[in-house]
Amino acid sequence: MTTNIREQLSIRQERDLIICRNRVKEAAVKIGMGIVNQTKLITAVSELARNMLIYGGGGNVLLETVTRGREQGVQIVFEDKGPGIADINKAMQDGFTTGKSMGMGLPGARRLVSEFFIESTVGIGTTVKIIKWKNG
Amino acid sequence: MTTKTVESLREKHDLILTYWISQREMADDFGGNFNSSDDLKAQSSELLEIVLKTITPENITDPYSPDLQPLFDYISGLTISRAKQGFSPRETATYIFSLKDALLRALGEIITDDTQELYRTTLEVSKFVDNIGITSFETFIKGREEVILSQADEMAELSTPVIKVWDGIIAMPIIGTLDSARTQVVMENLLQGIVDSESSIAILDISGVPAVDSLVAQHLIKTVNAIRLLGADCVISGIRPEIAQTVVHLGIDLSKMVTKATLASALKYSLTTLQLEVRRVQKDKSN
Ligand SMILES: Nc1ncnc2c1ncn2[C@@H]1O[C@H](COP(=O)(O)OP(=O)(O)OP(=O)(O)O)[C@@H](O)[C@H]1O
Ligand SMILES: [Mg+2]
């Protein structure tokens, strides 16, 4: 029997990103995810958690292992109460940034995971939910 | 747990506190860490107040309910302050779990006519207090983790050595996360190393970097550009296969940089660039 993981983490400072990545990696290892998918997942997590820190003023992360049929996966929800994103379609495009960065975080993260949902309301905050299936 | 029970518990605040404290004072582990039982009483009263204020018939069975956050924040604060006062994790856990006995005793006095209901509520309260204990435990762990990470940070700063591998070639292995502060150190050491050793090629080995996200990639690109400004070349080595795949999916173009899978192939490339050659020497076998 595998015990399900359900953990809450808060992202307030740069250091929390490392803790968050480590927790996600542990969950991925626990369900037996291979090294390539593990690396893709923690890279996506790194992008989304950093966005939350930089643009969202910090936020919370809910890390869970999930099952669908025979597939096992890791699901992570990033939630902040920051300024929100005015135009999500734009933000999801390669190269779009309001900072001085590369603008690859959101679109790149979407390509690295199996499922990606984003919801954002200006003045309320941003929520991103991702799932990486073990063999996805 | 019914709303009525919650209300009754709130009314019994003082009584529950008395149960809790008297039992704490009798416990063998009631050490000398509190200056007086007044301190214990003040702290316990505050904690009990928050517990009773927070608990509802809904959130008692949902440890992830957002309205529990103030309670958990309080527990984290309490755990940290007790740790600083010298309480062990066991002492703090025992302290928190002993609240359960006091609450259950009060429950027994509130629900007198329905054993089923008493049983159900007892289980709920028990789990609820367990969860408070878990929060305290997690705070301890997180505190430890932060100490470890800050030590790792300090070590990282010390351990970005520039290694001269050949005349004109230096190398720097990076182990750990390449955040902004670290990049600054790496870049300074590497540029200084190039100047000091009059090298024309620098190898940056990232075998020990756990993940290359857009920020790390950006730092790498900046470092390479700075090295080029000095008139030297930079080779990035130690790109593991999973990192290569991830970087491609992320959509980052590292093709303008010279990248190699291993430090050995980076060294080979550098030697070729410097028009040097490593050959096996055939020894005379005269025996
Ligand atoms: N959590 C968030 N809250 C508010 N705005 C956000 C959030 N996440 C992203 N954004 C906005 O979306 C833009 C695109 O994000 P994305 O991560 O793709 O690029 P970036 O962070 O600017 O650069 P990179 O991630 O490549 O370093 C950001 O510049 C920012 O304006
Ligand atoms: Mg980003």
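The values are calculated or read from the model by the stated rules, or taken from the named source; none is laboratory data. None of the values given here were measured: they were computed from a predicted structure. Because the Cβ atoms are built from the backbone with ideal geometry, glycine has one as well, and the counts that use them run over all protein chains shown. Side chains included, ligands, DNA and RNA excluded: accessible areas come from the protein's heavy atoms. Shrake-Rupley method; radii C 1.70, N 1.55, O 1.52, S 1.80 Å.
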I'd like the full set of residues that are away from chain A (no Cβ under 11 Å) and without any contact (Cβ under 8 Å) to a residue 24 or more places away in the chain, limited to the range B:197-230. B:ASN225, B:ARG228, B:LEU229
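State the number of residues belonging to the range A:79-95 that are within 16 Å of A:MET52 (Cα to Cα) and more than 10 Å from ligand 2 (Cβ to nearest atom).
Here the count works out to 10.
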Quick test of your reading of the structure: B:LEU17 fulfils all but one of (1) over 17 Å from B:ILE75 (Cβ atoms); (2) modelled with pLDDT under 90. Name the failing condition by number. (2)
What pairs can you find where one residue is in the range A:27-47 and facing chain B (nearest Cβ under 9 Å) and touching a residue at least 12 places away in the same chain (Cβ under 8 Å), the other is assigned to a helix (DSSP H, G or I) and of a type in the set (S, T, N, Q), and their Cβ atoms are less than 6 Å apart, with a gap of 6+ or different chains? A:LYS40/B:THR246; A:THR43/B:THR246
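Listed here are the residues, each with its yes/no results for (1) more than 16 Å from ligand 1 (Cβ to nearest atom); (2) over 17 Å from B:ARG182 (Cβ atoms).
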{"site": "B:ILE206", "(1), (2)": "yes, no"}
{"site": "B:ILE221", "(1), (2)": "no, no"}
{"site": "B:ARG228", "(1), (2)": "yes, yes"}
{"site": "B:GLY231", "(1), (2)": "yes, yes"}
{"site": "B:PRO241", "(1), (2)": "yes, yes"}
{"site": "B:HIS249", "(1), (2)": "no, yes"}
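Which one of these is surrounded by fewer than 19 Cβ atoms within 10 Å (Cβ to Cβ) and over 30 Å from the mean Cα position of the chain (by Cα): B:VAL195, B:VAL248? Walk me through it before giving the result.
Numbers: B:VAL248 fails: over 30 Å from the mean Cα position of the chain (by Cα).
Exactly one residue qualifies, and that residue is B:VAL195.
Quick one: which residue in A:ILE118, A:ILE76 is within 14 Å of ligand 2 (Cβ to nearest atom), free of Cβ contacts under 8 Å to residues at least 60 places away in the same chain, within 12 Å of the chain's Cα centre (by Cα) and in a strand (DSSP E or B)? Talk me through it step by step, then tell me what you get.
Values: A:ILE76 fails: within 14 Å of ligand 2 (Cβ to nearest atom).
Exactly one residue qualifies, and that residue is A:ILE118.
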When B:ILE174 is run through (1) on the phi > 0 side of the Ramachandran plot; (2) more than 11 Å from chain A (Cβ to nearest Cβ); (3) open to solvent by less than 40 Å² (accessible area, probe 1.4 Å), the failure sits at (1)
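State which residue is nearest to ligand 1 (Cβ to nearest atom) when the search covers only the range A:48-57 and only residues that are open to solvent by less than 30 Å² (accessible area, probe 1.4 Å) and within 14 Å of chain B (Cβ to nearest Cβ). Let's see the steps before the verdict.
Of the residues in the range A:48-57, the ones open to solvent by less than 30 Å² (accessible area, probe 1.4 Å) are A:48-50, A:52, A:56.
From the residues that got through so far, the ones that are within 14 Å of chain B (Cβ to nearest Cβ) too are A:48-50, A:52.
Values: A:LEU48: 8, A:ALA49: 10, A:ARG50: 7, A:MET52: 5 Å.
The selected residue is A:MET52.
Can you go through B:LEU17, B:LEU9 and tell me which one is touching a Ser or Thr at 6+ places or on another chain (Cβ under 6 Å) and in a helix (DSSP H, G or I)? First the steps, then the outcome.
Values: B:LEU9 fails: touching a Ser or Thr at 6+ places or on another chain (Cβ under 6 Å).
One residue alone meets the criteria, B:LEU17.
Among the listed residues A:THR67, A:THR43, A:THR98, which satisfies the condition of being within 16 Å of ligand 2 (Cβ to nearest atom) and open to solvent by 50 Å² or more (accessible area, probe 1.4 Å)? Show your work before the answer.
Details: A:THR67 fails: within 16 Å of ligand 2 (Cβ to nearest atom); A:THR43 fails: open to solvent by 50 Å² or more (accessible area, probe 1.4 Å).
Going through A:THR67, A:THR43, A:THR98 in turn, just one is within 16 Å of ligand 2 (Cβ to nearest atom) and open to solvent by 50 Å² or more (accessible area, probe 1.4 Å): A:THR98.
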Condition met for A:LYS81 (open to solvent by 50 Å² or more (accessible area, probe 1.4 Å), more than 19 Å from A:ALA44 (Cβ to Cβ) and within 14 Å of chain B (Cβ to nearest Cβ)): yes
In the range A:63-72, is there at least one residue being without any contact (Cβ under 8 Å) to a residue 60 or more places away in the chain and closer than 24 Å to B:GLU146 by Cβ? yes
Taking the residues in the range B:20-31 that are open to solvent by 40 Å² or more (accessible area, probe 1.4 Å) and part of a helix (DSSP H, G or I) as candidates, determine which candidate is modelled with the highest pLDDT. B:SER22
